[in-house]
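This report concerns only the one structure given below.
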Amino acid sequence: MSRAVAFLTRRRGGDRWHWTDVFTFFWLGAGLIIMFGPAVWLVGSSFKTPGQLAEFPPTILPYVEQVVEVEGFDKPLVLYDVTMEDGSVQRLAQVRRIGTTAQMIDPAAPDEVIRVNIRNREVAREIGFATENYAEPFQRLDFVRYLWNSVFVTVMATFITLFTNSMAAFALSKYKFRGRSAVMLVILATLMVPLSVILVPLYSVVSTLNLTNTLWGVILPTVATPTGVFLLRQYMLTIPDELLDAARMDKASEWQIYWRIVLPLTAPALAVLAIFSVVWRWNDFLWPLIVLSRQELYTLQVGLYSFSGELNVQWHFILAMTVVTMIPVVIVFVFLQRFITTGIAGAGLK
Amino acid sequence: MGRIQLNDVKKRFGQVDVLHGIDLDVGEGELVVFVGPSGCGKSTLLRLISGLDRPSSGDIVIDGKDVTRVNAADRGLAMVFQSYALYPHMSVWQNMAFGLQNEHLPKSEIASRIDEAARMLEITPLLQRRPGQLSGGQRQRVAIGRAIVREPTAFLLDEPLSNLDAELRVSMRAELAALHARLGKTMIYVTHDQVEAMTLASRIVVLRAGRIEQVDTPLALYNTPQNRFVAGFIGAPTMNMLPGTITARAGDAAHLSFVGNAEASVAVTAGASGDAVMVGVRPQHMRLVDPSDAHAVHATVSLVEALGAETVVHANAPSGETLLAVLSGQAALQRGDAIALGFDDQDLHVFDGNDRAIAARA
């Protein structure tokens, strides 16, 4: 605790608070809330019952109504905190409600019925988790299959992305040939074409190749990313050409230069691209939705969509399953982020 | 093994001619140093020999075999780069093994070669480290070790000492010389540092603007530079260049007059009476003489650098030339002193209007 206080009262030096200290804390605090708030709300809300989700104002934490079993009643009764006429507060169970009046009883003395104006009472709530939000979809949905499909698509697409993009980046950064800049420009230009524009031609290509309703139909069109080529190329440009020359003198083939020299040295950039690719492919929705029409091929995102009916959206399930689908991405990020910051030990060049 | 011949090698980058026809014959076991100011094409020439670049025209012959179109890997050469170019993600051992693995040598052979090279270079304790964990001098050794284990017919070294601090450079220089003596292999060494060139080379190739100015042993270059550029480039401090004229020519002997009243008689191979020439005198050949000596160069001291063992005197002649003189010992001189600098006639270098040396020297 004292360490937390020490951390939160850190200043940039000197013995007084400078306005930049205050500003920095404010700025970072606001950033934390903006970035992390929705995630916290998502996790909190995923444990709420449908009724509580509809409540206004919304709460961060999930609550459940407290109930009590009272002899003589079939169903458990909901507990309320009631402000009595003399000003004291009592915890009573509601038997029934008629208009603005509620008939309530004390669970300790169930025989005496107390009439209370509903304005004078409030639901007694405690923090509680609606775990059925998680349990039920697992039973109703073929979750494991969707998960497997998603994992397969993500892993394969990421590997192929890293492989093809790094080869393209290698050629575009380490070989000089006529039209190199033009090729790079064309690749970058595709960044300006949104998916929705090429959706139809892309579908007809995939369809002609008989890849509709296969996971490869989801994977293959996504693996060539201009962002990835650009990112890796810029990183590879920083690898000195002398290293490649040294490898050539060492009888390395061009493939070996790529595989044993350039690729290991590009590891930090590859890690960044791997994170991007995993997040992209894992969160892909529109393209898998179009390519996949057989339920057993659905990825998680498409599978989740089945909770949104035409008339009724089951938010509690969607939120819970969103949390579940987020977990792998978060794990990948936490793991690879450490790898990025560690970087690669030392550089053999000055 | 290890004879390298270049026949009229030219290199053009786009419209720019970088090398204008280089002819050179590097003998077996020689340590040849390419030296010249930056941009003279010495590194380019080395890359052509290595095979990393191809000449625009001309032939490169190694041990009688034309290798102009042969890949770098198949020329049997090893190169040490200016930045060392060690693979940062591999240990020292892996760095040295990489080339041997690519040659598909048996594991035992690889291990024994690396052990031997590591022992020779005293890097055995470093074999498991990464290049990033080594000091500059250690990296340098590893880079040399990586070249040695390949057992090449010749070594190519591209300014290998330029990233080291002055002290380390001197000791590594000595080690390189010892290594060359021990291995007996041909080495081609590129540097812009003439001291390195003088101390290491069996022969020095002086390059300027893509042309060979002179190829000779270090002392021959120092004693008989064939032109003004070589004379100015080799030797430190730089040779004094004083404008003068041939006042009389009789047979081989020419009488020169330069900077005011200074006079000298030199045996020359060309030049006629009345020709304008440049007279070169090394600062080390200057000495203080009696001010009444009419043939000496009279000047005013502008700066005295007392180095203890010797004193470097900067002086201005009345006609404006700056003179340098290296006097042995500690001269009692001050800024503003009028001095007379003498020299022996046979130490003079004379260059004609085309900057060619015309003094006949023994």
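So for segment A:309-330 (the condition being part of a strand (DSSP E or B), surrounded by fewer than 17 Cβ atoms within 10 Å (Cβ to Cβ) and either at pLDDT below 85 or within 14 Å of another protein chain (Cβ to nearest Cβ) (or both)), does at least one residue qualify? So that I can check it myself, show each step before the final result.
Restricting attention to segment A:309-330, the residues satisfying the condition of being part of a strand (DSSP E or B) are A:313.
Right, trim to surrounded by fewer than 17 Cβ atoms within 10 Å (Cβ to Cβ) and you get A:313.
Narrowing the set further to residues that are either at pLDDT below 85 or within 14 Å of another protein chain (Cβ to nearest Cβ) (or both) leaves A:313.
Taking every residue of segment A:309-330 in turn, at least one turns out to be part of a strand (DSSP E or B), surrounded by fewer than 17 Cβ atoms within 10 Å (Cβ to Cβ) and either at pLDDT below 85 or within 14 Å of another protein chain (Cβ to nearest Cβ) (or both).
Taking the stated definitions as given, is A:Leu270 surrounded by 21 or more Cβ atoms within 10 Å (Cβ to Cβ), touching a Leu at 6+ places or on another chain (Cβ under 9 Å), within 10 Å of chain B (Cβ to nearest Cβ) and among the hydrophobic types (A, V, I, L, M, F, W, C)?
Working: surrounded by 21 or more Cβ atoms within 10 Å (Cβ to Cβ): yes; touching a Leu at 6+ places or on another chain (Cβ under 9 Å): yes; within 10 Å of chain B (Cβ to nearest Cβ): no; among the hydrophobic types (A, V, I, L, M, F, W, C): yes.
Here the answer is no, as A:Leu270 does not meet what is asked.
Which one is surrounded by the most Cβ atoms within 10 Å (Cβ to Cβ), of the residues in segment B:150-178 that are assigned to a loop (DSSP other than H, G, I, E, B) and hydroxyl-bearing (Ser, Thr, Tyr)?
It comes out as B:Thr153.
If the condition is being of a type in the set (A, V, I, L, M) and closer than 18 Å to A:Tyr134 by Cβ, then segment A:24-72 contributes A:Ala39, A:Val40, A:Leu42, A:Val43, A:Leu53, A:Leu61, A:Val64. Taking the criterion of being within 11 Å of chain A (Cβ to nearest Cβ) and among the charged types (D, E, K, R), the residues of segment B:116-134 that qualify are B:Arg129, B:Arg130. Within segment B:169-182, not a single residue is within 14 Å of chain A (Cβ to nearest Cβ) and in contact with a helix residue (DSSP H, G or I) (Cβ under 7 Å, 6 or more places away or on another chain). For segment B:54-92, give me each residue that is in a loop (DSSP other than H, G, I, E, B), within 12 Å of chain A (Cβ to nearest Cβ) and on the phi < 0 side of the Ramachandran plot. Across segment B:54-92, the qualifying residues are B:Asn71, B:Phe81, B:Gln82, B:Ser83, B:Leu86, B:Tyr87, B:Pro88, B:His89, B:Met90, B:Ser91.
On the basis of being in a helix (DSSP H, G or I) and at negative phi, does A:Val113 make the cut?
Values: in a helix (DSSP H, G or I): no; at negative phi: yes.
Judged against the criteria, A:Val113 is not a match.
Which condition does A:Phe163 not pass, out of (1) in a loop (DSSP other than H, G, I, E, B); (2) without any contact (Cβ under 8 Å) to a residue 12 or more places away in the chain; (3) not charged (D, E, K, R), if it passes all the others? Result: A:Phe163 passes all but (1). For the residues B:Gly145, B:Gly137, the requirement of being more than 9 Å from chain A (Cβ to nearest Cβ), touching a helix residue (DSSP H, G or I) at 6+ places or on another chain (Cβ under 6 Å), assigned to a helix (DSSP H, G or I) and surrounded by fewer than 22 Cβ atoms within 10 Å (Cβ to Cβ) singles out B:Gly137.
Just give me the residues in segment B:293-321 being in contact (Cβ under 8 Å) with a residue 40 or more places away in the chain and either in a loop (DSSP other than H, G, I, E, B) or among the polar types (S, T, N, Q) (or both), in sequence order. Let's see the steps before the verdict.
Within segment B:293-321, the subset in contact (Cβ under 8 Å) with a residue 40 or more places away in the chain is B:293, B:295-299, B:312, B:317-319, B:321.
Scanning segment B:293-321 gives B:Asp293, B:His295, B:Ala296, B:Ala317, B:Pro318, B:Ser319, B:Glu321.
One residue stands out among those in segment A:213-262 that are among the hydroxyl-bearing types (Ser, Thr, Tyr), surrounded by fewer than 18 Cβ atoms within 10 Å (Cβ to Cβ) and not in a helix (DSSP H, G or I): the one that is nearest to the other protein chains (Cβ to nearest Cβ), which is A:Ser253. Selection of segment B:185-195 for residues being out of contact with any His (no Cβ under 6 Å at 6 or more places or on another chain) and modelled with pLDDT of 90 or more yields B:Lys185, B:Thr186, B:Ile188, B:Tyr189, B:Val190, B:Thr191. Of everything in segment A:274-320, what is closer than 30 Å to A:Glu55 by Cα and among the hydrophobic types (A, V, I, L, M, F, W, C)? Give them in sequence order. Selection gives A:Phe285, A:Leu300, A:Val302, A:Leu304, A:Phe307, A:Leu311, A:Val313, A:Trp315, A:Phe317, A:Ile318, A:Leu319, A:Ala320.
For B:Ser83, are the conditions met, namely being in contact with a Lys or Arg (Cβ under 7 Å, 6 or more places away or on another chain), among the small types (Gly, Ala, Ser), touching a residue at least 60 places away in the same chain (Cβ under 8 Å) and over 17 Å from B:Ile212 (Cβ atoms)? Walk me through it before giving the result.
On the way: in contact with a Lys or Arg (Cβ under 7 Å, 6 or more places away or on another chain): yes; among the small types (Gly, Ala, Ser): yes; touching a residue at least 60 places away in the same chain (Cβ under 8 Å): yes; over 17 Å from B:Ile212 (Cβ atoms): yes.
It is true that B:Ser83 is in contact with a Lys or Arg (Cβ under 7 Å, 6 or more places away or on another chain), among the small types (Gly, Ala, Ser), touching a residue at least 60 places away in the same chain (Cβ under 8 Å) and over 17 Å from B:Ile212 (Cβ atoms).
Close Cβ contacts (under 9 Å, 6 or more residues apart or on different chains) running from residues in segment B:333-362 that are farther than 19 Å from B:Asp290 by Cβ to residues that are charged (D, E, K, R) and surrounded by fewer than 15 Cβ atoms within 10 Å (Cβ to Cβ) comprise B:Ala360/B:Asp252.
The values are calculated or read from the model by the stated rules, or taken from the named source; none is laboratory data. All of these numbers come straight from a predicted model, not from anything done at the bench. Cβ atoms come from the backbone with ideal geometry, glycine included; neighbour counts cover every protein chain shown.
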